[in-house]
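**Student:** Before we start, here is the structure in question, set down as structure tokens.
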Amino acid sequence: MTTRTDAPTRREQILKEAARLFAERGFHGVGVDEIGAAVGISGPGLYRHFPGKDAMLAELLVGISGQLLTGAKRRLAEAEGVTSSESLLDSLIEGHIDFALDDRPLITLHDRELDRLRDTDRKLVRQLQRQYVELWVEVVREVYPDLAEPSARSAVHSVFGLLNSTPHLGRPGSLPGRGATAELLHRMARGAFAAAASAG
């Protein structure tokens, strides 16, 4: 995952490669030995870091949901009293675009493998996601006060769908460049919110 600026730990390296391999070939299509080989350790050596693949999957999916929520809360806290609602919405969009462009395997993983989590982990993912959505809904309604809460919530989910479409945009090298893609996604997200408010 991309929130760190220092060197990743071995545990983070394992999770990154596990996410990539799971996204490419599916959870059951990847063995522990393959994940170990991707980070230069033996398959059994992985068990010093994780009890098994299920634990890796849970940490990946719960972890990214938690990181998105924490990042959004941080942006809200930093902007309180000093940033307009418009700028805050732009900041939230930018944060989600960073995730959508830099952690594309996790989007694929979530779509394909969420149901493989234990009930407790899946419920935690859903709880974190609901909290994340509600933060967005609050900001969206500050920018577009005439937008009813149910419509704002639907618009937020729709924008997430738009931004999370990045795994389907082609291979990384086929995109117009990270900066241009981020700008395009941002314009489309703001356009979608404006369209929802206009329709409302």
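**Student:** Any residue in the stretch 146-158 that is in a helix (DSSP H, G or I) sitting within a Cβ distance under 6 Å of a residue that is of a type in the set (F, W, Y) and modelled with pLDDT of 95 or more? List the pairs, counting only those 6 or more apart or interchain.
**Tutor:** A155/F193; V156/W136
**Student:** With (1) among the acidic types (D, E); (2) open to solvent by 50 Å² or more (accessible area, probe 1.4 Å); (3) modelled with pLDDT of 95 or more as the list, and E78 as the residue in question, which single condition is left unmet?
**Tutor:** Exception for E78: condition (3).
**Student:** Could you check the stretch 38-49 and list, in sequence order, the residues that are farther than 11 Å from R11 by Cβ, out of contact with any Asp or Glu (no Cβ under 9 Å at 6 or more places or on another chain) and either assigned to a helix (DSSP H, G or I) or not aliphatic (A, V, I, L, M) (or both)?
**Tutor:** Within the stretch 38-49, G40, G45, Y47 meet the criteria.
**Student:** Another one. Any residue at all in the stretch 121-137 that is aliphatic (A, V, I, L, M) and under 11 Å from the mean Cα position of the chain (by Cα)?
**Tutor:** No, every residue in the stretch 121-137 fails to be aliphatic (A, V, I, L, M) and under 11 Å from the mean Cα position of the chain (by Cα).
**Student:** Out of the residues in the stretch 19-37 that are among the β-branched types (V, I, T) and assigned to a helix (DSSP H, G or I), which is surrounded by the most Cβ atoms within 10 Å (Cβ to Cβ)?
**Tutor:** Filtering the stretch 19-37 for residues that are among the β-branched types (V, I, T) and assigned to a helix (DSSP H, G or I), the one surrounded by the most Cβ atoms within 10 Å (Cβ to Cβ) comes out as I35.
**Student:** I need the full set of residues from the stretch 105-134 which are of a type in the set (D, E) and open to solvent by 30 Å² or more (accessible area, probe 1.4 Å), in order please.
**Tutor:** Matches in the stretch 105-134: D111, D115, D119, E134.
**Student:** Select from the stretch 55-86 the residues that are polar (S, T, N, Q) and in contact with a helix residue (DSSP H, G or I) (Cβ under 7 Å, 6 or more places away or on another chain) and list them in ascending order.
**Tutor:** Result: S65, S85.
**Student:** Closer than 23 Å to L117 by Cβ and within 22 Å of the chain's Cα centre (by Cα) - does that describe any residue in the stretch 72-92?
**Tutor:** Within the stretch 72-92, one or more residues are closer than 23 Å to L117 by Cβ and within 22 Å of the chain's Cα centre (by Cα).
**Student:** Related question: Which condition number in (1) open to solvent by less than 60 Å² (accessible area, probe 1.4 Å); (2) farther than 25 Å from G29 by Cα is the one that E86 fails?
**Tutor:** Condition (1) is where E86 drops out.
**Student:** Applying the selection to the stretch 159-200, what residues are part of a loop (DSSP other than H, G, I, E, B) and modelled with pLDDT under 95?
**Tutor:** Of everything in the stretch 159-200, those that are part of a loop (DSSP other than H, G, I, E, B) and modelled with pLDDT under 95 turn out to be S165, L169, G170, R171, L175, P176, G177, G200.
**Student:** If a residue has to be over 23 Å from the mean Cα position of the chain (by Cα), open to solvent by less than 10 Å² (accessible area, probe 1.4 Å) and closer than 21 Å to E24 by Cβ to count, how many in the stretch 38-53 make the cut?
**Tutor:** Selection size over the stretch 38-53: 2.
**Student:** Which one of A79, A55 is farther than 20 Å from N164 by Cα and in contact (Cβ under 8 Å) with a residue 12 or more places away in the chain?
**Tutor:** Just a single option satisfies the conditions, and that option is A79.
The values are calculated or read from the model by the stated rules, or taken from the named source; none is laboratory data. What you see is a predicted model; the values in this text were computed from it and never measured. Cβ coordinates were reconstructed from backbone atoms using ideal geometry, including for glycine residues, and neighbour counts include every protein chain displayed. When the accessible area is computed, the model is the full protein with side chains, heavy atoms only, and any ligands, DNA or RNA have been set aside. Shrake-Rupley method; radii C 1.70, N 1.55, O 1.52, S 1.80 Å.
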